[in-house]
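Below is one structure, written out as structure tokens; the observations come after it.
The values are calculated or read from the model by the stated rules, or taken from the named source; none is laboratory data. Being a predicted model, the structure only gives us computed values, none of them experimental. Cβ sites come from the backbone with ideal geometry, for glycine too, and all protein chains shown count toward neighbours. Side chains are part of the model used for accessible areas, which takes the heavy atoms of the whole protein and leaves out ligands, DNA and RNA. Shrake-Rupley method; radii C 1.70, N 1.55, O 1.52, S 1.80 Å.
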Amino acid sequence: MAAPSSTALPLPDIESAAGRPPLLMVSPADPAAHWVAGRREALRAAVAEHGSVLVRGLGLRDATEVGAVFRALADTLMSEKEAFAPRRTYADGVYSSTAWPPNQPMCMHHELSYTVEFPGLMLFACLEAAERGGATGVADAEAVLAALPPELTERFERDGWLLTRSYNDEIGASVAEAFGTDERTVVEAYCRAHAIEFAWQPDGSLHTRQRRAAVLRHPMTGRRCWFNQIAFLNEWTMDAEVREYLVDMYGADGLPFNTRYGDGDPIGEDAVRTLNEIYEAHTVREPWRPGDLLLVDNIRSAHSREPFEGPREVLVGLADPVRPTDCATRDSDTQDSRSQDSRSQDPDSKDSDAKDEVSFR
């Protein structure tokens, strides 16, 4: 996210208020995409400075207009892989929000933090606001990391975190939805290239495991950020009745997703509760209005979604891919260790393999 150039058009003053993300009120005479394109660098610089910015007044009306705005802002719009729940695709790089029960919250998380290439910038556009609830919350990952108990963060920073997934056709994303195909040889090749252990089950379902870093340094600022989906994808964040039902149906090892410490030990309910309480203490939110645009630095800021009632349509863009090897993870990292990590994380490297990939080692 580059600093504004000397030719970039200026922005109005950004309003800051306790409890809500930085707010930019605009009333453009030009079409939204044209207005955004003229202020692209200034908007990106504002996100780099604040971690997120809510732009209100663009009057976004449909997916075509949103797509044009996303393309004006992004260096690259990404195609989603390894989705944990289905999305509707409106256009290349323009998606619906994740299909998630409206009565259930989506806990704080960093989008696709379990992949070897994740978005550096998240773009959200509201076409229809829910009658009640449905806000997209934002939390500063630096502040969250500083507030977490050191004994918890030290273990995660040392060992990383482990995501386990069980794909079936009944709940969560199917194999085809997550990988773009259900052809086994193609899925297996993807897993090998992206440091994912996999095992096909006798009933045809797929089980996977992937170990990732829990703390990254921001590639621009160098500051350490809590960066993962440990709490959101953990069994203890689920509604108790939903968890009991899923365990009864699929067994404790067959949940559609779960998280563990990087060494494979289970994460206790108390630890997950602590994570979610600290997220909540650092969350800012603003109810959506139709036409709003929200820009979020996906490394510096986690985001969430509140439960809601009534129709809600928020479009999403995943922009500007980043690899973990772009982000130093520990104060003690040496150039040699970073070089070795780069080889282990690089899917194009001949040495890349799921059992050896530990970007934080």
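In this structure, Thr208 does satisfy being open to solvent by less than 40 Å² (accessible area, probe 1.4 Å) and not in a helix (DSSP H, G or I).
With respect to Ala99, is the statement that it is more than 26 Å from Asp326 (Cβ to Cβ), at pLDDT below 95 and surrounded by fewer than 15 Cβ atoms within 10 Å (Cβ to Cβ) true? Yes. Scanning segment 151-169 for residues that are closer than 21 Å to Arg243 by Cβ and in contact (Cβ under 8 Å) with a residue 24 or more places away in the chain gives Trp161, Leu162, Leu163, Thr164, Arg165, Ser166, Tyr167, Asn168.
Within segment 56-90, the residues that satisfy the criterion of being in a strand (DSSP E or B) and under 11 Å from Leu315 (Cα atoms) are Thr89, Tyr90. Quick check: anything in segment 20-37 within 30 Å of Ser174 (Cβ to Cβ), touching a residue at least 24 places away in the same chain (Cβ under 8 Å) and open to solvent by less than 40 Å² (accessible area, probe 1.4 Å)? No, segment 20-37 contains no residue that is within 30 Å of Ser174 (Cβ to Cβ), touching a residue at least 24 places away in the same chain (Cβ under 8 Å) and open to solvent by less than 40 Å² (accessible area, probe 1.4 Å).
The residue that is nearest to Tyr167 (Cα to Cα), among those in segment 38-55 that are part of a helix (DSSP H, G or I) and of a type in the set (Gly, Ala, Ser), is Ala48.
Within the option set Glu117, Glu49, Glu111, being open to solvent by 40 Å² or more (accessible area, probe 1.4 Å) and touching a Pro at 6+ places or on another chain (Cβ under 7 Å) holds for one residue only, Glu117.
Filtering Val242, Val247, Val284, Val272 for residues that are farther than 19 Å from Val144 by Cα, touching a residue at least 40 places away in the same chain (Cβ under 8 Å) and either of a type in the set (S, T, N, Q) or surrounded by fewer than 24 Cβ atoms within 10 Å (Cβ to Cβ) (or both) leaves a single hit, Val242.
Looking only at residues in segment 287-316 that are under 13 Å from the mean Cα position of the chain (by Cα) and among the charged types (D, E, K, R), the one that is surrounded by the most Cβ atoms within 10 Å (Cβ to Cβ) is Asp297. If you check every pair at least six apart or on different chains, which have Cβ atoms under 7 Å apart with a residue in segment 194-207 that is over 14 Å from Tyr250 (Cβ atoms) and of a type in the set (Asp, Glu) first and a residue that is modelled with pLDDT under 95 and surrounded by 12 or more Cβ atoms within 10 Å (Cβ to Cβ) second? Going by the 7 Å Cβ cut-off, the qualifying pairs are Glu197/Ala354.
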